[in-house]
Amino acid sequence: MGGRLLLFPLPFQGHINPMLQLASILYSKGFNITIIHTFCNSPNKSNYPHFAFEAISEETLTASPTMQGSVTNVVLLNKVCFDPFRDCVKRLLSNASADEPILCLITDALLYFTQAVADLLMLPRLVLRTSSLSAFHVLRLHPVLLQKGYLSEDSHSDAPVPEAQPLKVKDISRTYKIEGEDLAEIISGMVMGIKASSGIIWNTFVELEQPVLNTIQQNFPIPSFTIGPFHKYFTASASSLLEQDRTAISWLDMQAPLSVLYVSFGSVAAIDKSEFFEMAWGLANSKQKFLWVVRPGVIRGSEWLEPFPPGLQEAVSERGHIIKWAPQQEVLAHPATACFWSHCGWNSTLESVCEGVPMICSPSFGDQPTNARCVETVWKVGLVLENGFEREEIERAIRRVMIDQEGKEMKMRMSCLKEKVNLCLMEGGSSYKSLEDLVSFILSF
Ligand code: UDP
């Protein structure tokens, strides 16, 4: 078919995975792919021999081979990458041959500075938004919620927010504030960048979020392509920045069907030491088997595992297997896995939906509180821990989802969603058709 696409992911795990998956999907449709990337958190090129890679060199970033996902770093990337990114795209354009033209840029929505580069070089830009539609809808309501006073104080109220359903008032400050950092700047940059773009690609499927899609299309009158879930085409393993511990699978192989709780809070979220101990006691007291990802750095101020207080180590090791990083998709697809206790990052949430695994939700910031409320109140396939990390509530939640009748009902509803995922990807399904539309759209540039 010919034609080359330039893709630029935000260099954090939860954003690299969907962008590299999208690259593989578009490659399978006949496009040639160039991944533009920063030196920090650069993708593993050997897993993608069929792609070209271009590193942009920027001194502030090249100093550090790894970079934590944070609001500060998103703002920084949008400032320091402009010149090297522009120079890189300019060079690629001038070297492109007539039989393989560069058709467009596809960049992460949070790399909003790239719209100015696209305009400057007169190259169409498509945006990849890696969150759910629902979370994007809530994020973009920031000015309205600010004006109505929802952000003026830390409220612990359980009252609903009519403007931002299905959130509760207490979810609002969590959504917009990350340990003193303010998301306002990147939300407005992202929204303006999307409005000026040629179209937006979503890692979701229509059947999951139809009403929100309609609202977003009214507010963003650019083409929207809902072609997900991406990981059903290509897994996230190839783009993992950390080594995946395969003992997770051999340990699961020894467990009974639907008997294990999988626990992981993704690549960015962090907890305090006291919260970690509450988690450990809750897990141990639930008397269920658990596979627990304790990512190095997840406990603030610790390298890896804190020394457990007396008695806790024994209680945990009796029923649990602790690892640093899991082959998550395989874990969720394993017959032994019954429930996923998650921070509700969008990739994790979608991966759980696709495997029909009910969830316990401990959202931290950004899109996570909205994803968690969708799990609990819209799709009714899990529950949210309302009081943070408290051992009794944790123990109760685990038993509700893994043992009680309401957990069985959650499992049934999750299995229905899993079915819908399979249908939307089949010929004639919503994501299948949207992908065909996207391919035609790109070829029209
Ligand atoms: N992941 C993994 N192993 C783990 C934990 C997470 O491979 O032990 C992957 C997971 O499958 C997902 C990504 O890391 O694709 C995390 O993305 P998500 O959006 O859920 O959360 P974030 O890390 O962006 O907060």
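The values are calculated or read from the model by the stated rules, or taken from the named source; none is laboratory data. Since we're looking at a predicted model, the values are computed, not measured. In this analysis, Cβ positions are derived from the backbone assuming ideal geometry, glycine residues included, and neighbour counts consider all displayed protein chains.
For Val127, are the conditions met, namely being away from the ligand (no atom under 16 Å from the Cβ), over 18 Å from Pro363 (Cβ atoms) and in contact (Cβ under 8 Å) with a residue 40 or more places away in the chain? Criteria met by Val127. Here the range 364-402 is the region considered, the condition is being within 24 Å of Arg129 (Cα to Cα) and among the polar types (S, T, N, Q), and the residue that is surrounded by the most Cβ atoms within 10 Å (Cβ to Cβ) is Thr370.
Any residue in the range 176-185 that is at pLDDT 95 or above and assigned to a helix (DSSP H, G or I)? No, there is no match, as no residue in the range 176-185 is at pLDDT 95 or above and assigned to a helix (DSSP H, G or I).
Checking Pro310, Pro296, Pro257 one by one, the residue that is in a loop (DSSP other than H, G, I, E, B), free of Cβ contacts under 8 Å to residues at least 24 places away in the same chain and not charged (D, E, K, R) is Pro310 and no other. Looking only at the range 200-239, residues that are within 12 Å of the ligand (Cβ to nearest atom), closer than 17 Å to Leu350 by Cα and surrounded by fewer than 21 Cβ atoms within 10 Å (Cβ to Cβ) come to 4 in all.
Residue-by-condition table, conditions (1) outside any helix (DSSP H, G or I); (2) of a type in the set (Phe, Trp, Tyr); (3) over 15 Å from Val357 (Cα atoms):
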site	(1), (2), (3)
Arg373	no, no, yes
Asn387	yes, no, yes
Val401	no, no, no
Glu409	no, no, no
Met412	no, no, no
Ser415	no, no, no
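When the criteria are applied in full, Val263 fails the requirement of being of a type outside the set (D, E, K, R), under 24 Å from Asn78 (Cβ atoms) and either in contact (Cβ under 8 Å) with a residue 24 or more places away in the chain or assigned to a helix (DSSP H, G or I) (or both). Screening Ala135, Ala118 for residues that are modelled with pLDDT of 95 or more, assigned to a helix (DSSP H, G or I) and within 16 Å of the ligand (Cβ to nearest atom) leaves exactly one candidate, Ala135.
One residue stands out among those in the range 244-258 that are closer than 19 Å to Leu283 by Cα and either surrounded by 16 or more Cβ atoms within 10 Å (Cβ to Cβ) or at pLDDT below 95 (or both): the one that is nearest to the ligand (Cβ to nearest atom), which is Ala248.
Here Ala315, Ala336 are screened, and the one residue that is in contact with a Pro (Cβ under 8 Å, 6 or more places away or on another chain), under 19 Å from Leu261 (Cα atoms) and among the aliphatic types (A, V, I, L, M) is Ala336.
Looking only at the range 349-367, count how many residues are small (Gly, Ala, Ser) and more than 26 Å from Glu185 (Cα to Cα). Working first, answer last.
Taking the range 349-367 and keeping what is small (Gly, Ala, Ser), we get 352, 356, 362, 364, 366.
Keeping just the survivors that are more than 26 Å from Glu185 (Cα to Cα) gives 352, 356.
Total meeting the criteria: 2.
For Pro363, the requirement of being within 16 Å of the ligand (Cβ to nearest atom) and either modelled with pLDDT of 95 or more or over 25 Å from Thr247 (Cα atoms) (or both) is met. Looking only at residues of the range 317-333 that are under 21 Å from the mean Cα position of the chain (by Cα) and assigned to a helix (DSSP H, G or I), we find that the one that is farthest from the ligand (Cβ to nearest atom) is Ala333.
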